[in-house]
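The values are calculated or read from the model by the stated rules, or taken from the named source; none is laboratory data. It should be emphasised that the depicted structure is a prediction, and the values quoted were computed from it without experimental measurement. Here the Cβ positions follow ideal geometry from the backbone for every residue, glycine too, while neighbour counts run over all protein chains shown.
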Amino acid sequence: MIQIPNTIVFDNKVFSLDTIKGALYKFADNCSFDISCSNEIITVTIHSVDENQNLIARIRNEVIDQDLRSIIAKETSNVRTLILANAFSNTGLIES
Amino acid sequence: MTPDKSLAKKFQSMECFDKGIENSYQLLPSRFVSLSENRYLLTNEVGEYLIVSKKQLHGYVKKTLSKSSEFYFDLKSKHFLFDDDSNVAIQLLGLKYRTKAQKISQFTALHIFVVSLRCDYSCKYCQVSRQTDDKVTFDMSKETANRSLDFVFKSPSPAIKIEFQGGEPLLNFEIIKYIVLSATELNKHHQKNLQFVITTNLTFLNTDILSFCLIHNIYLSTSLDGSEELHNKNRPRPGKNGYQLTVKGIKEAQLYLGFDKVGALMTTTENSLDCVKEIINEYLALDMHCIFLRPLSPYGFAIKNKQTDKYNLQRWFEFYTEGLEYIIDLNKKGYFFTEIYTQIILSKIFSPFGTSYVDLQSPTGAGISAIVYNYNGDVYASDEARMLAEMGDSHFRLGNVHHSSYPDVMLSDVLLDTLEYSLAESSPMCHECGFLPYCGTDPVYHYATQHDVVGHKAVSGFCNKNMKIFRYIFSLLERDEVTKNILLSWVRP
């Protein structure tokens with residue numbers, strides 16, 4: 001059982017914020033997180049998904065989710081275009 | 001013995017050739033996922049894989065490998081890296097990727113016609129939300145059939161499969177006949193590889209229908225949930241004789257059409273969980289050679305009757321693994337028998353071609369691999385999308401054949417947005433997952449369960465189920481040569 005509150009500290013010279021968000025994403029079924037950055041330190045506070053705080057936990061996790069989607073969408077923009085262009089390439093529905 | 005110094009001058013030591021190896025190779029796109037504490041699955045863009053230790057994985061990524069090591073050659077031959085000797089690897093990888101992606105570009109091959117919502121059964125888990133069988137208003141008309149066929153033949157796919165579904169489609173057999181004859185006539189011009197399947201409970205099967213199926217090479221797909229007791233409990237109908245009618249229908253179809261022309265699917269309910277061997281034995285008794293151990297899907301009456309709440313994923317997974325172990329034993333005894341979902345995944349792992357299974361594809365197969373024409377002309381992105389609409393949510397309704405053109409439907413915002421947003425290659429957790437080449441995306445499932453076409457994968461039943469299955473299949477592939485060879489014999493191109 002996770003004790004509340006519980007924090008993990010990362011040095012941002014070693015791990016990027018995006019890396020940390022990606023790692024935290026996988027634990028969203030068990031807990032939610034607050035992330036803060038100060039100087040070169042990234043602090044993650046872990047909250048267990050408590051019944052009474054369910055909505056707050058869901059919002060915290062949703063923000064991480066949407067943030068990651070936005071980062072990945074930018075990074076994979078060309079790949080997405082190529083994959084979808086391939087899917088529609090024989091239909092005559094899109095301009096070549 | 002003193003070393004010959006003159007010889008040493010001519011031939012450098014092995015270590016000398018390894019000097020400067022660091023950074024002398026470049027990584028090709030790859031992903032990894034843990035299988036257990038010290039075992040990782042490393043996959044590349046085309047699904048080639050290696051099972052590696054943590055030390056090997058770090059050595060690969062940090063470029064500290066010896067160029068003369070066996071592991072280095074494995075990585076090189078499977079296109080995880082390239083060096084000065086093998087820069088053709090990028091071209092080869094591109095060629096393999098195009099081969100894998102070819103089926104996607106062929107576009108919609110599966111066209112599902114819901115010819116009637118009427119049904120004589122009242123299954124608690126029904127995912128279709130059937131209507132009672134006296135409502136002719138829920139049958140497809142010729143006009144709707146004609147408009148739908150116009151859409152079918154606009155697909156560039158060289159292979160077209162028309163699947164008749166319901167309700168119980170044989171309750172509207174007249175429209176099936178009409179569609180088969182019309183499509184066959186149209187195909188004289190289009191010259192597609194045209195196939196027909198009727199998904200039926202076989203209650204209304206008779207010799208006239210069988211004759212028609214024989215002449216037009218029509219396949220029959222039915223539901224068989226297991227023993228008489230289990231089947232009739234899962235699939236009640238007036239007379240409580242669903243099992244008897246189904247088995248009789250299967251035997252008649254096998255005799256009349258051939259054993260390869262009739263297949264069956266099962267659905268797992270809480271009553272099935274303790275009897276997977278008995279269920280498989282029913283299929284063996286009917287001389288069948290495959291089974292699909294399907295969990296319940298979160299649609300239709302399965303949700304309304306809370307059927308999906310009656311067991312969890314872990315319990316279904318135990319059911320699946322017990323079944324698969326039994327099936328592998330059957331194969332060891334010389335009886336060729338496959339589990340269909342496992343077979344699809346194995347084909348995705350080992351075949352150079354992609355599979356056409358729409359539920360395990362990225363981009364999603366919804367719309368672009370399969371499409372549904374409902375009895376009233378509504379067009380849906382998938383069968384599950386239609387089921388969702390029958391529950392009152394028409395999010396994935398792409399148009400109507402009477403009011404929309406083919407480009408209206410295929411370029412509709414809902415389809416394009418769903419395709420783009422749900423791409424596994426750009427979804428959190430999926431985009432970096434080692435199982436990605438074998439997996440897919442299921443926007444309709446995630447919309448139904450999380451009201452979001454992407455879905456949070458940490459709490460996704462789809463992700464959880466497939467991760468468990470992938471890990472299990474790779475453990476089987478590593479178990480022993482006999483098991484591996486059995487599984488390899490299931491792979492289809």
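For region A:21-36, how many residues are more than 17 Å from B:LYS457 (Cα to Cα) and surrounded by 12 or more Cβ atoms within 10 Å (Cβ to Cβ)? So that I can check it myself, show each step before the final result.
Of all residues in region A:21-36, those more than 17 Å from B:LYS457 (Cα to Cα) come to A:34-36.
Keeping just the survivors that are surrounded by 12 or more Cβ atoms within 10 Å (Cβ to Cβ) gives A:34-35.
Qualifying residue count, region A:21-36: 2.
Among the residues of region B:61-85, those that are free of Cβ contacts under 8 Å to residues at least 60 places away in the same chain and within 9 Å of B:TYR25 (Cβ to Cβ) comprise B:LYS63, B:LEU65, B:LYS67, B:TYR72, B:LEU75, B:LYS76, B:LEU81, B:PHE82, B:ASP83.
Screening B:LEU346 on (1) under 29 Å from B:MET288 (Cβ atoms); (2) at pLDDT below 95 shows it passes everything except condition (2). Considering B:LYS161, B:LYS154, the condition of being over 26 Å from B:HIS289 (Cα atoms), assigned by TED's automatic domain parsing to the domain that holds B:VAL262 and touching a residue at least 24 places away in the same chain (Cβ under 8 Å) is satisfied by B:LYS154 alone. If the condition is being surrounded by 12 or more Cβ atoms within 10 Å (Cβ to Cβ), over 22 Å from B:TYR40 (Cβ atoms) and in contact with a Lys or Arg (Cβ under 8 Å, 6 or more places away or on another chain), then region B:469-490 contributes only B:ILE486. The set of residues from region B:395-423 being free of Cβ contacts under 8 Å to residues at least 12 places away in the same chain and small (Gly, Ala, Ser) comprises just one member, B:SER405. A search for C-beta distances below 7 Å between a residue of region A:27-47 that is in a loop (DSSP other than H, G, I, E, B) and any residue that is surrounded by 12 or more Cβ atoms within 10 Å (Cβ to Cβ) and of a type in the set (Gly, Ala, Ser), counting only pairs 6+ apart in sequence or on different chains, returns A:PHE27/B:ALA458; A:ALA28/B:ALA458; A:ASP29/B:ALA458. Exactly one residue among A:GLY22, A:GLY92 is touching a residue at least 40 places away in the same chain (Cβ under 8 Å) and not aromatic (Phe, Trp, Tyr), and that residue is A:GLY22.
Tell me, which residue of region A:67-77 that is loosely packed, with under 12 Cβ neighbours inside 10 Å and of a type outside the set (D, E, K, R) is farthest from the other protein chains (Cβ to nearest Cβ)?
The initial filter retains those residues of region A:67-77 that are loosely packed, with under 12 Cβ neighbours inside 10 Å, namely A:70, A:74, A:77.
Within this subset, residues satisfying the condition of being of a type outside the set (D, E, K, R) are A:70, A:77.
Values: A:SER70: 10, A:SER77: 8 Å.
Residue satisfying both the conditions and the ranking: A:SER70.
Does B:TYR256 fit the bill of being more than 24 Å from B:ILE345 (Cα to Cα) and of a type in the set (Phe, Trp, Tyr)? Against the criterion (more than 24 Å from B:ILE345 (Cα to Cα) and of a type in the set (Phe, Trp, Tyr)), B:TYR256 qualifies. B:GLU270 passes every criterion in (1) among the acidic types (Asp, Glu); (2) closer than 19 Å to B:ILE340 by Cβ; (3) at pLDDT below 95 apart from (2).
With the requirement that a residue be surrounded by fewer than 24 Cβ atoms within 10 Å (Cβ to Cβ) and in contact with a strand residue (DSSP E or B) (Cβ under 8 Å, 6 or more places away or on another chain), what does region B:406-423 give you? Those that are surrounded by fewer than 24 Cβ atoms within 10 Å (Cβ to Cβ) and in contact with a strand residue (DSSP E or B) (Cβ under 8 Å, 6 or more places away or on another chain): B:ASP408, B:VAL409, B:SER412, B:VAL414, B:LEU415.
Selection over region A:57-66 of residues that are crowded, with 17+ Cβ neighbours inside 10 Å and either over 21 Å from B:ASP417 (Cα atoms) or away from chain B (no Cβ under 13 Å) (or both) gives a count of 4.
From the list B:ILE279, B:ILE303, B:ILE250, the one residue that fits, being part of a helix (DSSP H, G or I), among the hydrophobic types (A, V, I, L, M, F, W, C) and modelled with pLDDT under 95, is B:ILE303. For region B:445-473, the set of residues classified as under 21 Å from B:GLY392 (Cβ atoms), more than 17 Å from the chain's Cα centre (by Cα) and not aliphatic (A, V, I, L, M) consists of B:TYR447, B:THR449, B:GLN450, B:HIS451, B:ASP452, B:GLY455, listed by residue number.
Just to be sure I understand, how many residues within region B:222-242 are within 27 Å of the chain's Cα centre (by Cα) and modelled with pLDDT of 95 or more? Before the answer, list the steps.
Quick first cut of region B:222-242, residues within 27 Å of the chain's Cα centre (by Cα) only: B:222-227, B:230-231, B:234-235.
With the extra rule that they be modelled with pLDDT of 95 or more, the set shrinks to B:222-227, B:230-231.
Final tally of qualifying residues: 8.
Checking each residue in region A:33-56 for being within 14 Å of another protein chain (Cβ to nearest Cβ) and either of a type in the set (Asp, Glu) or out of contact with any Ser or Thr (no Cβ under 8 Å at 6 or more places or on another chain) (or both) picks out only A:ASN54.
Taking (1) at the interface with another protein chain (Cβ under 9 Å from one of its Cβ atoms); (2) buried (at least 18 other Cβ atoms within 10 Å of the Cβ) in turn, A:SER89 satisfies each apart from (2). Taking the conditions (1) of a type in the set (Asp, Glu); (2) more than 21 Å from B:ASP452 (Cβ to Cβ); (3) in contact with a Phe, Trp or Tyr (Cβ under 7 Å, 6 or more places away or on another chain) in turn, A:ASP34 satisfies each one other than (3).
For region B:251-272, name all the residues that are in contact with a strand residue (DSSP E or B) (Cβ under 8 Å, 6 or more places away or on another chain) and farther than 29 Å from B:PHE317 by Cα. Steps first, answer last, please.
The first filter runs over region B:251-272 and keeps only residues in contact with a strand residue (DSSP E or B) (Cβ under 8 Å, 6 or more places away or on another chain), leaving B:253-254, B:257, B:261-268, B:272.
Hits for region B:251-272 are B:ALA253, B:GLN254, B:LEU257, B:LYS261.
When restricted to residues that are in a loop (DSSP other than H, G, I, E, B), more than 14 Å from chain A (Cβ to nearest Cβ), under 16 Å from B:LEU110 (Cα atoms) and touching a strand residue (DSSP E or B) at 6+ places or on another chain (Cβ under 9 Å), region B:360-384 contains 2.
The residue that is modelled with the highest pLDDT, among those in region B:29-49 that are assigned to a loop (DSSP other than H, G, I, E, B) and over 18 Å from B:TYR438 (Cα atoms), is B:ASN38.
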